[in-house]
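> The structure is given below, and queries will be raised subsequently.
Rule-based calculations on the coordinates, nothing more; no lab input. Just so it is clear, the model here is predicted, and its values are computed rather than measured. Quick reminder, even Gly has a Cβ in these numbers, built from the backbone with ideal geometry, and neighbours come from all protein chains shown.
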Amino acid sequence: AFDVLVVGGGPAGAAAAIYAARKGIRTGVAAERFGGQVLDTMAIENFISVQHTEGPKLASALEAHVREYEVDIMNLQRATKLVPAGADGLVEVQLENGASLKSKTVILSTGARWRQMNVPGENEYRNKGVAYCPHCDGPLFKGKRVAVVGGGNSGIEAAIDLAGIVSHVTVLEFDSKLRADQVLQAKLNSLPNVKVVLNAQTTEVLGDGQRVTGLVYTDRVGGDSHRVELEGIFVQIGLLPNTEWLRGSVELSGRGEIIIDDRGQTNVPGVFAAGDCTTVPYKQIIIAMGAGSTAALSAFDHLIRSSAP
Ligand code: FAD
């Protein structure tokens with residue numbers, strides 16, 4: 001059995017594995033895709049002390065750093081069930097391939113995925129104008145025209161944030177009203193360079209083969225189709241935590257995020273969590289790494305306080 005089993009190999013999982021392994025304890029990482037969301041990222045400019053890097057480059061650096069230590073990396077392994085510790089004091093993680101792993105402590109770091117619009121052009125122009133994270137990619141659109149798709153809190157926060165950087169923001173909301181908090185809507189309405197379009201269903205991302213040049217939306221009331229010329233599209237229709245497999249075993253929030261305390265502890269003894277799959281307020285690489293380190297130190301603290309040899 002492992003002392004620490006990390007499930008997920010993104011920034012949070014990599015940091016957790018390194019912090020655990022440096023304590024000289026038996027550490028394993030099971031990950032569906034080592035590297036996580038970082039693999040889907042192009043420019044990264046907010047990983048402090050590294051002025052600019054690219055996702056695949058950072059992902060391979062994560063893996064190389066973990067491999068410096070005695071960590072059992074089980075890549076391309078998807079966890080399907082967690083069984084809290086019984087009399088033997090071991091938490092069990094079952095994998096899709098039928099295997100089952102046992103560990104004294106488990107760190108859940110399965111991350112999240114952005115909900116996509118699923119319209120033509122979205123995948124083709126991902127990272128070429130189609131973006132999901134305003135904190136990450138906002139500055140790349142300085143002085144340009146962008147749209148924010150989604151009028152919930154995250155969409156309106158993104159629109160307010162972007163309005164200070166870009167030349168113009170068009171907010172497209174599917175519903176007949178914005179769903180964001182009133183205070184955010186009031187702030188949005190006070191900005192001169194934002195336009196809100198309600199009842200708008202985005203149907204296509206347009207591009208010139210290299211970059212986004214616009215989008216098409218349908219007015220759900222009139223039924224007519226409109227074209228907006230722009231350089232960027234921020235899709236803000238939800239961030240889905242990869243926690244479906246934990247339902248019924250670990251306490252989740254209404255949005256499916258693993259509920260943790262400030263030490264990364266979940267409601268299940270010996271089970272910790274870190275990164276985008278948790279209730280942590282902001283979802284960023286540097287924050288996920290800090291959380292992974294916290295969870296590993298908490299797991300170690302748990303181990304030295306528990307009686308099992
Ligand atoms: P993830 O990176 O999501 O990693 C999750 C890991 O868990 C993966 O290895 C995955 O395969 C694995 N996994 C999931 N489910 C299972 C399962 N059931 N069993 C086993 N393994 C599983 N952040 C920044 O700070 N700066 C940026 O510039 C930036 N740009 C971004 C651009 C894009 C396009 C995207 C999508 C995100 C960007 N982010 C950026 C956000 C950043 O990538 C995330 O905050 C960060 O990767 C979260 O790390 P994590 O380890 O919590 O989760």
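> For the charge dipole of segment 156-254, defined by +1 on Lys and Arg C-beta atoms and -1 on Asp and Glu C-beta atoms about the Cα centroid, which residue among TRP245, LEU191, GLY214 has the Cα displaced farthest towards the positive pole?
Checked the options; the winner is LEU191.
> Looking only at Cβ-Cβ distances, which cysteines of the chain have no other cysteine closer than 4.7 Å?
If one checks each Cβ against the other cysteines of the chain, CYS277 turn up with nothing under 4.7 Å.
> Between ASN75 and ARG263, what length in nm is gained on full extension when 0.36 nm per residue of separation is reduced by their alpha carbon distance?
Using 0.36 nm per residue and subtracting the Cα-Cα distance, I get 65.0 nm.
> What ranking do ILE73, ILE304 get, fewest neighbouring Cβ atoms within 10 angstrom at the top?
The most exposed by this proxy come first: ILE304, ILE73.
> Let me ask something else about it. Once the piece of chain linking GLN94 and SER167 is laid out straight, how much longer is it, given 0.36 nm per residue of separation minus the C-alpha distance between them?
Roughly 21.3 nm would be gained on extension.
> Bin all alpha-carbon pair distances of the chain at 10 Å intervals from 0 and give each bin's fraction as a whole percent.
The percentages, shortest bin first, are 6, 26, 29, 21, 13, 4, 0.
> Next up: What is the mean projected area of the alpha carbon convex hull for segment 1-154, to one decimal in square nanometres?
11.8 nm²
> How many percent of Cα pairs in segment 84-139 exceed 18 Å?
59 percent
> If you rank VAL228, VAL169 by fewest surrounding Cβ atoms within 10 Å, what's the result?
Starting with the residue having the fewest Cβ neighbours, the order is VAL228, VAL169.
> While we're looking at this one, here's another question. Calculate the dipole size of the chain relative to its Cα centre from +1 charges on Lys and Arg beta carbons and -1 charges on Asp and Glu beta carbons; express the result in debye to the nearest 20.
That gives the chain a dipole magnitude of about 180 debye.
> Just to confirm a number: summing +1 for Lys and Arg and -1 for Asp and Glu over residues other than VAL216 whose beta-carbon lies under 10 angstrom from that of VAL216, what do you get?
Charge balance in the 10 Å sphere: 0.
> If neighbour count is taken as other Cβ atoms inside 10 Å, put LEU39, LEU188 in order from fewest to most.
Final ranking by Cβ density, sparse to dense: LEU39, LEU188.
> Here's another thing I want to ask about it. For the chain, what is the percent of antiparallel DSSP beta bridges, rounded to the nearest 5?
45 percent
> Please enumerate, by chain and number, the lysines with C-alpha under 25 Å from the C-alpha of LYS177, excluding those fewer than 8 residues away in the same chain.
Counting by Cα, and skipping residues close in sequence, LYS177 has these lysines nearby: LYS187, LYS195.
> Now for a separate question. Roughly how many Å is it from the Cα centre of segment 256-309 to that of segment 22-39, as a whole number?
Between the Cα centre of segment 256-309 and that of segment 22-39, the gap is 14 Å.
> Here is a further query. Show me the three semi-axes of the equivalent ellipsoid for segment 179-268, from the C-alpha gyration tensor (sqrt of 5 times each eigenvalue), largest first, rounded to whole Å.
36, 19, 14
> Efficiency by 1/(1 + (r/R0)^6): what FRET value for ALA87 and ARG26, r their Cβ-Cβ distance, R0 = 22 Å, to the nearest 0.05?
0.60
> Right, next: Which of the lysines could be linked to LYS23 by a straight reach, that is with a Cα gap under 20 Å, when you skip same-chain ones fewer than 8 residues away?
Output for LYS23: LYS102, LYS104.
> How charged is the neighbourhood of ALA180? Take every other residue with its Cβ under 12 Å from the Cβ of ALA180, and add Lys/Arg as +1 and Asp/Glu as -1.
So the surrounding residues net to -1.
> Here's a follow-up. Mind checking the log10 I(q)/I(0) for segment 109-220 at q = 0.12, 0.15, 0.21 Å⁻¹? Debye, one equal scatterer per Cα, no solvent, two decimals.
-0.40, -0.63, -1.25
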